[in-house]
Amino acid sequence: MSTIAAAPEASRIVRGACPHDCPDTCALLVTVEDGRAVKVQGNPEHPTTHGALCTKVSRYAERVYHPERVLHPLKRVGAKGEGRFVRVGWDEALADIAARLAAIAARDPQAILPYSYAGTMGFVQGESMDRRFFHRLGASLLDRTICSMAGSQALVATFGGKLGMHVEQFAHSKLILIWGSNSITSNLHFWTFAQQAKRNGAKLVCIDPRKTETADKCHQHIALLPGTDGALALSLMHELIANDWLDHDYIDRHTEGWPKLRERALAWPPERAAAVCGITPDEVRGLARDYATTRPAAIRANYGLQRVHGGGNAVRLIAILPALTGAWRDPAGGFLLSSSSWLAVDREALQKPELLAGRRPRTINMVQIGDALLAEASPAFGPKIEAIVVYNSNPVAVAPESAKVVRGFARDDLFTVVLEHFLTDTADHADYVLPATTQLEHWDVHGSYGHTSVLLNEPAIAPQGEAKPNTQIFRELAARMGFTEPCFEDSDETLARAAIGGVVSCDVLRERGWQQLPLPAAPFAQGGFATPGGRCMIDAPGLGIPDFVAPHESALSAPELARRFPLAMISPPPRNFLNSTFVNVKSLRDIEGEPVLEMHAADAAARGLVDGELVQVFNDRGRSICRLHVKRGRARPGVVNGLGVWWRKLGLDGTNLNQLTHQRLTDFGGGPTFYDCMVEVEACA
């Protein structure tokens, strides 16, 4: 493999993979005519993709050929945030960047911070040469927690890894609980299997504060308050105990710690949980009865439910449920939040932590980048951040409490480099913007947290303009910095083989683009969890027995705050955006229209608000303007749904809803608490 695409042919089809693990990681077929990608479609041979793509990625070529795409290195000439740049050459840009980073590193390399996340989920372009570069430099480490860390650590504590059911098996389930997931929007191919089950007589239950498009298509919607999922899970356990709906044999043989959790669950009768969750006791009882008496019963959770203070504990409690009923005995029973640990990726081979050479740089949590960029040097914090290199992310738009993030990136004394496709909110604050390739222009290899395939992405077209893959940019920066270690010469093929060479052959992947992992149909039918003792760990080392942990901000935990800001706000992605990705694709933005706040009719009437008017949503951290939607009926009483994340500069007032979110963290894992936020709403003046 190389980083340069083959010479263009008259017409050909190239196999690829979606860079966005949403969690479907679709297998792609890209039609190329005269060197130009003219069609992006799903690969019908891939058992999960089966030829279908979401609206977003089916229009990926529109993103590649977008008229506003950054195609040349740019140097800032205006004030930070203005987005005014001049074109420069690669040599000039790399020489200046290397000189600036070297000068800072000579004082303290920890004053340099990388900031990246899931702009691409590929192992090569997302977490290989970049990590080698920053390890060799000795820069601060980044704790990449902004999406899934609480839930991920919950799975590791409970199952020994991010493991679960095979998504194809949901087609054979007779009851599916879709918990904290708008599958039609963010897990389209799971939804296809759920629809097969529904046609075969399965009952579908959606558990979500918002009446999503998925809830519309389920038999039942349980609209609990944000951050109360753990209370509901404990009460389901209460009913399993009270009615003796337990699989005692499975519990005895394949779990560890149930007696302690049993006592805790007995303190959560349906009436108590109903009061906390804002639902009825009968909803709790009915759900428990359905779950306990239907076989096979399966739970599909997603990471939305863990973006609250008690998110880690909530995932642990829900993940334990199938062990209590023995649902794991059937291939179509059990639980799925993430299956990514089925693929054993050699991250040490990719990232070369030995390049740290014994140094132990500080770690900065990416969720708290606003506070970090504004922090002064201190013994507790370490050196002030003097330089930040951003790639595969848009923190000015997506990080919480964004007024602080903006102030941090606006610092005149902060040297900022951004690798990007477009002039995002973050790129507008950069000293240099370096043009990166898109998925159609580089090599990569992918896993998934929603299925159990490995996928190869081949470049379908030559890089547009002067764009370069992330790997090549960091190779060239390493050379400019005088890093002579042989690992900086590794090709993208070598990196791909380092990532998955021990699992599947790259040559096999090149033949058809994907390969299923060889796994049993019912992975935990006889226990065999990946924990040291092979048991489902209810009493997990270092964490103990899971419990309900109230939100940081709620009437239950902060009554005085709730009197001033009585509405809980969640901010799930709209159907046609993926976080801040695709917001600037005009055809998709035209569908979404403008930033929207959904509110229940009773809450709107109490404030004298009407459907369609502009409103301000606000709290002590800031305010943002949205268009009010009442008639859709998607909000439950006491909760507003702000559909984000819009680029700030494409919002109605130059902000987005992350003006209102905070930087406090989850119960463990250091994850964000985006859906743990109290607000008030009023009409715009």
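The values are calculated or read from the model by the stated rules, or taken from the named source; none is laboratory data. If you're wondering where the values come from, they're calculated on a predicted model, not measured in any experiment. We place every Cβ from the backbone using ideal geometry, glycine too, and count neighbours over all the protein chains shown. Side chains included, ligands, DNA and RNA excluded: accessible areas come from the protein's heavy atoms. Shrake-Rupley method; radii C 1.70, N 1.55, O 1.52, S 1.80 Å.
Here are some notes:
- Candidates in segment 620-638 are the residues that are in contact with a Lys or Arg (Cβ under 9 Å, 6 or more places away or on another chain) and either basic (Lys, Arg) or touching a residue at least 60 places away in the same chain (Cβ under 8 Å) (or both); of these, the one that is nearest to Cys684 (Cα to Cα) is Arg621.
- Conditions (1) in contact with a strand residue (DSSP E or B) (Cβ under 8 Å, 6 or more places away or on another chain); (2) open to solvent by 50 Å² or more (accessible area, probe 1.4 Å); (3) β-branched (Val, Ile, Thr): number failed by Val57: (2)
- Given (1) touching a Phe, Trp or Tyr at 6+ places or on another chain (Cβ under 6 Å); (2) assigned to a helix (DSSP H, G or I), index of the condition Ile299 fails: (2)
- Those residues of segment 183-221 which are in a helix (DSSP H, G or I), in contact with a Cys (Cβ under 7 Å, 6 or more places away or on another chain) and open to solvent by 10 Å² or more (accessible area, probe 1.4 Å), in sequence order: Ser186, Leu188
- Exactly one residue among Val433, Val396 is under 21 Å from Lys384 (Cα atoms) and among the hydrophobic types (A, V, I, L, M, F, W, C), and that residue is Val396.
- Within segment 403-444, if we keep just the residues that are touching a strand residue (DSSP E or B) at 6+ places or on another chain (Cβ under 8 Å) and among the aromatic types (Phe, Trp, Tyr), the residue that is farthest from Gln464 (Cα to Cα) turns out to be Phe409.
- Candidate set from segment 640-658 (those that are buried (at least 24 other Cβ atoms within 10 Å of the Cβ) and more than 18 Å from the chain's Cα centre (by Cα)); member that is nearest to Ala562 (Cα to Cα): Val640
- Which listed residue, of Ala635, Ala685, Ala602, is open to solvent by less than 40 Å² (accessible area, probe 1.4 Å), over 23 Å from Asp428 (Cβ atoms) and either in a loop (DSSP other than H, G, I, E, B) or modelled with pLDDT of 95 or more (or both): Ala635
Table: residues versus (1) farther than 17 Å from Phe422 by Cα; (2) modelled with pLDDT under 95; (3) out of contact with any Cys (no Cβ under 9 Å at 6 or more places or on another chain).
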position: Arg59; (1), (2), (3): no, yes, yes
position: Arg84; (1), (2), (3): no, no, yes
position: Ile104; (1), (2), (3): yes, no, yes
position: Met121; (1), (2), (3): yes, yes, no
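- Members of segment 269-278 found to be open to solvent by 10 Å² or more (accessible area, probe 1.4 Å), assigned to a helix (DSSP H, G or I) and not acidic (Asp, Glu), listed by number: Arg272, Ala275, Val276
- Test: residue in segment 249-257 that is over 25 Å from Gly544 (Cα atoms) and among the polar types (S, T, N, Q): no
- Condition met for Leu232 (in a strand (DSSP E or B) and not aromatic (Phe, Trp, Tyr)): no
- For segment 229-247, filtering for residues that are within 24 Å of the chain's Cα centre (by Cα) and either of a type in the set (D, E, K, R) or open to solvent by 10 Å² or more (accessible area, probe 1.4 Å) (or both) leaves 1.
- Filter result for Gln153 (closer than 20 Å to Phe488 by Cβ and touching a residue at least 40 places away in the same chain (Cβ under 8 Å)): no
- Within segment 279-320, the set of residues being open to solvent by 10 Å² or more (accessible area, probe 1.4 Å) and of a type in the set (Gly, Ala, Ser) comprises Gly286, Ala292, Gly304.
- Among residues of segment 138-182, those that are under 30 Å from Leu113 (Cα atoms), among the small types (Gly, Ala, Ser) and either in a helix (DSSP H, G or I) or open to solvent by 10 Å² or more (accessible area, probe 1.4 Å) (or both), counted: 6
- Among residues of segment 264-281 that are modelled with pLDDT of 95 or more, those with a beta-carbon under 9 Å from a residue that is open to solvent by 70 Å² or more (accessible area, probe 1.4 Å) and outside any helix (DSSP H, G or I) at least six positions away or on a different chain give the pairs Val276/Leu556.
- Considering the conditions (1) open to solvent by 60 Å² or more (accessible area, probe 1.4 Å); (2) more than 23 Å from Glu420 (Cβ to Cβ), Asn579 is excluded by exactly one of them, (2).
- One residue alone among Trp245, Trp258 is under 24 Å from Gly151 (Cα atoms) and not β-branched (Val, Ile, Thr), and that residue is Trp258.
- Criterion applied to Phe524, Phe548 was being modelled with pLDDT of 95 or more, of a type in the set (Phe, Trp, Tyr), within 25 Å of the chain's Cα centre (by Cα) and part of a loop (DSSP other than H, G, I, E, B), and the one residue passing it is Phe548.
- Test: residue in segment 73-82 that is in contact with a strand residue (DSSP E or B) (Cβ under 7 Å, 6 or more places away or on another chain) and within 18 Å of Glu441 (Cβ to Cβ): yes
- The condition of being modelled with pLDDT under 90 and assigned to a loop (DSSP other than H, G, I, E, B) holds for only one of Thr48, Thr3, that being Thr3.
- Enumeration of residues in segment 105-134 that are open to solvent by less than 10 Å² (accessible area, probe 1.4 Å), of a type in the set (A, V, I, L, M) and in a helix (DSSP H, G or I): Ala111, Val124, Met129
- Any hit, segment 248-261, residues being small (Gly, Ala, Ser), crowded, with 17+ Cβ neighbours inside 10 Å and in a loop (DSSP other than H, G, I, E, B): yes
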